[in-house]
1. Among the numbered criteria (1) among the hydrophobic types (A, V, I, L, M, F, W, C); (2) part of a helix (DSSP H, G or I); (3) modelled with pLDDT of 95 or more, which single criterion is violated by residue 38?
2. If a residue has to be more than 15 Å from residue 17 (Cα to Cα) and not in a helix (DSSP H, G or I) to count, how many in the range 135-163 make the cut?
3. If a residue must be part of a helix (DSSP H, G or I), acidic (Asp, Glu) and within 22 Å of residue 20 (Cα to Cα), how many such residues does the range 79-119 contain?
4. Say we look at the range 141-157 and pick out the residues that are surrounded by fewer than 17 Cβ atoms within 10 Å (Cβ to Cβ) and more than 15 Å from residue 13 (Cβ to Cβ); which of these is modelled with the lowest pLDDT?
5. Give the range 43-71 a look and list any residue that's hydrophobic (A, V, I, L, M, F, W, C) and either closer than 11 Å to residue 27 by Cα or at pLDDT 95 or above (or both), or say none.
6. Report whether or not residue 99 is in the same structural domain as residue 113 (by TED's automatic domain parsing), hydrophobic (A, V, I, L, M, F, W, C), in contact with a Gly (Cβ under 8 Å, 6 or more places away or on another chain) and over 24 Å from residue 141 (Cα atoms).
7. Being in contact with a helix residue (DSSP H, G or I) (Cβ under 7 Å, 6 or more places away or on another chain) and without any contact (Cβ under 8 Å) to a residue 24 or more places away in the chain narrows it down to one residue among 112, 145; which is it?
Amino acid sequence: MITNASPLIVNAKLEILKEVSKLYPILEITEWVYQEAVLNGLESERQDAVMIETLYKKGCIKIIKLNKKHQDLAEHIQENYKLDRGEAETIALALQKDVKEILMDEAIGRRVAIFFNLRPKGSLRVLLELYKKKYLDEEQLKNKVNELIGSQFRLDAQVLAHFWDLFERIKK
């Protein structure tokens with residue numbers, strides 16, 4: 001699964017990277033995403049960066065280099081759609097590898113990914129999948145969502161309402 005920095009950081013802060021790696025045994029990122037998620041965090045001694053780096057050292061996270069064509073595409077996406085470099089490179093990497101699903105939380109990035117015929121999944125969707133696969137029970141899921149709400153993670157009320165609707169359907 002190809003991922004942007006935000007889902008990696010969010011899942012590390014929620015302390016569920018181990019469970020996420022059961023869903024997605026290999027997470028693929030670009031060099032820039034590695035810089036955002038790990039190197040910048042290690043400089044400020046953030047625990048989430050240490051956790052992500054540990055997965056990288058175990059081989060669960062792989063850094064994939066964009067070829068020239070897709071690096072140019074990433075630059076085009078960044079400039080024309082006003083995305084940050086990590087989001088643009090994540091979309092370009094998915095297109096380079098011809099995969100359809102990516103992990104991305106940012107709303108604008110998700111809309112651009114959809115424009116490029118990709119299916120973005122956010123951190124909330126990952127929590128639902130962890131619940132569905134029984135890697136999290138109901139109480140753990142609710143606690144993780146509350147942690148997410150209490151963090152600086154931007155979460156639209158409609159998105160959260162939709163999440164709980166989906167949860168209720170899955171639960172039945």
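The values are calculated or read from the model by the stated rules, or taken from the named source; none is laboratory data. Treat the numbers as computed from the prediction; the structure is a model and nothing was measured. Positions of Cβ are backbone-derived with ideal geometry, glycine not excepted, and every protein chain shown enters the neighbour counts.
1. Every condition holds for residue 38 apart from (3).
2. Result for the range 135-163: 7.
3. Going through the range 79-119 one residue at a time, the tally reaches 2.
4. The extreme case among them is 156.
5. 52, 55, 60, 61, 63, 64, 66 - these are the residues of the range 43-71 that are hydrophobic (A, V, I, L, M, F, W, C) and either closer than 11 Å to residue 27 by Cα or at pLDDT 95 or above (or both).
6. Working: in the same structural domain as residue 113 (by TED's automatic domain parsing): yes; hydrophobic (A, V, I, L, M, F, W, C): yes; in contact with a Gly (Cβ under 8 Å, 6 or more places away or on another chain): no; over 24 Å from residue 141 (Cα atoms): yes.
No: the conditions fail for residue 99.
7. Result: 145 is the single residue among 112, 145 that is in contact with a helix residue (DSSP H, G or I) (Cβ under 7 Å, 6 or more places away or on another chain) and without any contact (Cβ under 8 Å) to a residue 24 or more places away in the chain.
For (1) in the same structural domain as residue 146 (by TED's automatic domain parsing); (2) in contact (Cβ under 8 Å) with a residue 12 or more places away in the chain; (3) crowded, with 21+ Cβ neighbours inside 10 Å; (4) in contact with a Cys (Cβ under 9 Å, 6 or more places away or on another chain), each residue gets a yes or a no:
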| site | (1), (2), (3), (4) |
| --- | --- |
| 6 | no, yes, yes, no |
| 18 | no, no, no, no |
| 26 | no, yes, no, yes |
| 31 | no, yes, no, no |
| 40 | no, no, no, no |
| 62 | no, yes, no, no |
| 74 | no, yes, yes, no |
| 79 | no, no, no, no |
| 88 | no, yes, yes, no |
